[in-house]
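All remarks here apply to the structure that follows.
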Amino acid sequence: MNGCELPHKHVTIFIIDDDDVDVIGIERALKKLKIANPTVRARDGIEALDLLHKKAIPKPFIILLDINMPRMGGIEFLKAIRADDSLSDSIVFMLTTSSDDQDKILAYKKNVAGYMVKKQVGESFLNIVDMLGHYWRVVELPVYE
(Lines give C-alpha, C1' and ligand atoms only; values in the text may rest on other atoms or scores of the structure.)
Protein backbone atom coordinates (compact mmCIF):
# COMPACT_ATOMS: atom_id res chain seq x y z
CA MET A 1 0.00 0.00 0.00
CA ASN A 2 1.49 3.36 -0.95
CA GLY A 3 0.97 6.63 0.97
CA CYS A 4 -2.00 7.67 -1.16
CA GLU A 5 -4.00 4.63 -0.09
CA LEU A 6 -3.90 5.19 3.67
CA PRO A 7 -7.48 5.01 4.96
CA HIS A 8 -7.25 8.27 6.92
CA LYS A 9 -5.98 10.20 3.93
CA HIS A 10 -9.04 9.99 1.67
CA VAL A 11 -8.96 13.52 0.33
CA THR A 12 -11.39 14.48 -2.41
CA ILE A 13 -9.89 16.53 -5.22
CA PHE A 14 -12.39 19.18 -6.29
CA ILE A 15 -11.43 20.51 -9.72
CA ILE A 16 -13.08 23.79 -10.68
CA ASP A 17 -12.14 24.40 -14.30
CA ASP A 18 -14.07 24.95 -17.53
CA ASP A 19 -11.30 23.58 -19.80
CA ASP A 20 -11.96 19.91 -20.65
CA VAL A 21 -8.41 19.37 -21.92
CA ASP A 22 -6.89 20.64 -18.67
CA VAL A 23 -9.20 18.48 -16.57
CA ILE A 24 -8.32 15.42 -18.66
CA GLY A 25 -4.64 16.28 -18.13
CA ILE A 26 -5.10 16.43 -14.36
CA GLU A 27 -7.00 13.13 -14.33
CA ARG A 28 -4.33 11.44 -16.47
CA ALA A 29 -1.60 12.72 -14.17
CA LEU A 30 -3.48 11.36 -11.13
CA LYS A 31 -3.82 7.97 -12.80
CA LYS A 32 -0.18 7.88 -13.94
CA LEU A 33 0.99 8.66 -10.39
CA LYS A 34 -1.41 6.02 -9.02
CA ILE A 35 -3.27 8.60 -6.95
CA ALA A 36 -6.70 7.07 -6.45
CA ASN A 37 -8.32 9.92 -4.56
CA PRO A 38 -11.86 10.66 -5.68
CA THR A 39 -12.32 13.67 -7.96
CA VAL A 40 -15.30 15.93 -8.50
CA ARG A 41 -15.50 18.62 -11.14
CA ALA A 42 -17.37 21.89 -11.51
CA ARG A 43 -17.14 24.05 -14.65
CA ASP A 44 -17.33 27.42 -12.87
CA GLY A 45 -17.62 29.06 -9.48
CA ILE A 46 -21.42 29.08 -9.41
CA GLU A 47 -21.63 25.32 -10.00
CA ALA A 48 -18.85 24.79 -7.43
CA LEU A 49 -20.62 26.84 -4.74
CA ASP A 50 -23.84 24.96 -5.41
CA LEU A 51 -22.08 21.60 -4.92
CA LEU A 52 -20.37 22.81 -1.75
CA HIS A 53 -23.57 24.22 -0.26
CA LYS A 54 -25.37 20.94 -1.01
CA LYS A 55 -22.48 19.11 0.73
CA ALA A 56 -21.95 17.05 -2.43
CA ILE A 57 -18.17 17.22 -1.88
CA PRO A 58 -17.13 15.12 1.13
CA LYS A 59 -14.60 16.65 3.52
CA PRO A 60 -11.68 16.76 3.59
CA PHE A 61 -11.16 18.14 0.11
CA ILE A 62 -8.56 20.12 -1.79
CA ILE A 63 -9.74 22.56 -4.43
CA LEU A 64 -7.85 23.03 -7.70
CA LEU A 65 -9.19 26.33 -8.99
CA ASP A 66 -8.86 28.05 -12.35
CA ILE A 67 -9.14 31.84 -12.53
CA ASN A 68 -10.70 32.46 -15.94
CA MET A 69 -14.08 30.77 -16.13
CA PRO A 70 -17.55 31.79 -17.35
CA ARG A 71 -20.29 33.01 -14.98
CA MET A 72 -18.07 33.13 -11.87
CA GLY A 73 -14.28 33.10 -12.09
CA GLY A 74 -11.76 31.88 -9.56
CA ILE A 75 -11.15 35.15 -7.70
CA GLU A 76 -14.89 35.73 -7.22
CA PHE A 77 -15.26 32.12 -6.04
CA LEU A 78 -12.42 32.63 -3.54
CA LYS A 79 -14.10 35.77 -2.18
CA ALA A 80 -17.37 33.85 -1.76
CA ILE A 81 -15.90 30.88 0.12
CA ARG A 82 -13.70 33.03 2.34
CA ALA A 83 -16.79 35.01 3.37
CA ASP A 84 -18.72 31.81 4.19
CA ASP A 85 -17.99 30.44 7.70
CA SER A 86 -18.71 26.86 6.62
CA LEU A 87 -16.25 27.06 3.69
CA SER A 88 -13.68 29.63 4.81
CA ASP A 89 -11.14 26.97 5.86
CA SER A 90 -11.12 25.30 2.42
CA ILE A 91 -7.69 24.41 1.05
CA VAL A 92 -7.38 26.00 -2.39
CA PHE A 93 -4.62 25.78 -4.96
CA MET A 94 -4.86 28.05 -7.98
CA LEU A 95 -4.12 26.04 -11.10
CA THR A 96 -4.43 28.48 -13.98
CA THR A 97 -2.94 29.74 -17.22
CA SER A 98 -2.72 33.26 -15.80
CA SER A 99 0.77 34.34 -14.81
CA ASP A 100 -0.43 37.91 -14.17
CA ASP A 101 1.04 39.28 -10.93
CA GLN A 102 -2.27 40.98 -10.03
CA ASP A 103 -4.02 37.59 -10.16
CA LYS A 104 -1.31 36.11 -7.93
CA ILE A 105 -1.63 38.97 -5.43
CA LEU A 106 -5.44 38.69 -5.32
CA ALA A 107 -5.25 34.92 -4.87
CA TYR A 108 -2.70 35.05 -2.05
CA LYS A 109 -4.70 37.80 -0.31
CA LYS A 110 -7.54 35.24 -0.21
CA ASN A 111 -5.23 32.68 1.44
CA VAL A 112 -4.61 30.19 -1.33
CA ALA A 113 -2.23 27.38 -0.41
CA GLY A 114 -0.35 27.82 -3.68
CA TYR A 115 -0.49 29.38 -7.12
CA MET A 116 0.59 27.23 -10.06
CA VAL A 117 0.63 28.20 -13.72
CA LYS A 118 -0.47 25.54 -16.21
CA LYS A 119 2.18 25.56 -18.88
CA GLN A 120 1.07 22.57 -20.92
CA VAL A 121 -0.80 19.35 -20.56
CA GLY A 122 1.54 16.48 -19.75
CA GLU A 123 4.73 16.84 -17.75
CA SER A 124 3.63 20.11 -16.15
CA PHE A 125 0.45 18.51 -14.77
CA LEU A 126 2.43 15.48 -13.66
CA ASN A 127 4.73 17.66 -11.56
CA ILE A 128 1.83 19.66 -10.08
CA VAL A 129 -0.20 16.55 -9.22
CA ASP A 130 2.87 14.85 -7.75
CA MET A 131 3.42 17.87 -5.48
CA LEU A 132 -0.24 17.77 -4.41
CA GLY A 133 0.07 14.06 -3.65
CA HIS A 134 3.00 14.81 -1.34
CA TYR A 135 1.07 17.69 0.22
CA TRP A 136 -1.84 15.66 1.54
CA ARG A 137 0.40 12.78 2.62
CA VAL A 138 2.43 15.18 4.79
CA VAL A 139 -0.05 17.71 6.15
CA GLU A 140 -2.54 16.88 8.86
CA LEU A 141 -6.11 17.51 7.75
CA PRO A 142 -8.97 17.46 10.24
CA VAL A 143 -11.29 14.48 10.35
CA TYR A 144 -14.86 15.47 9.54
CA GLU A 145 -17.74 13.44 10.91
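Values for this structure:
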item: Filtered residue count, segment 95-108, keeping only those that are at pLDDT 90 or above and surrounded by 17 or more Cβ atoms within 10 Å (Cβ to Cβ); result: 4
item: Test result for Lys79, open to solvent by 70 Å² or more (accessible area, probe 1.4 Å) and modelled with pLDDT under 90; result: no
item: Some residue of segment 131-145 being open to solvent by less than 10 Å² (accessible area, probe 1.4 Å), at pLDDT below 70 and among the aliphatic types (A, V, I, L, M); result: yes
item: Selection from segment 33-76 of residues that are modelled with pLDDT under 90, closer than 21 Å to Gly114 by Cβ and open to solvent by 70 Å² or more (accessible area, probe 1.4 Å); result: Lys59
item: Helices (runs of 4 or more DSSP H) completely within segment 1-120 that count 2 or more residues being closer than 23 Å to Met131 by Cβ; result: 20-32, 74-82, 101-109
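The values are calculated or read from the model by the stated rules, or taken from the named source; none is laboratory data. None of the values given here were measured: they were computed from a predicted structure. Note that we place each Cβ from the backbone using ideal geometry, even for glycine, and neighbour counts take in every protein chain shown. Accessible surface is based on the protein model in full, side chains and every heavy atom, while ligands, DNA and RNA are left aside. Shrake-Rupley method; radii C 1.70, N 1.55, O 1.52, S 1.80 Å.
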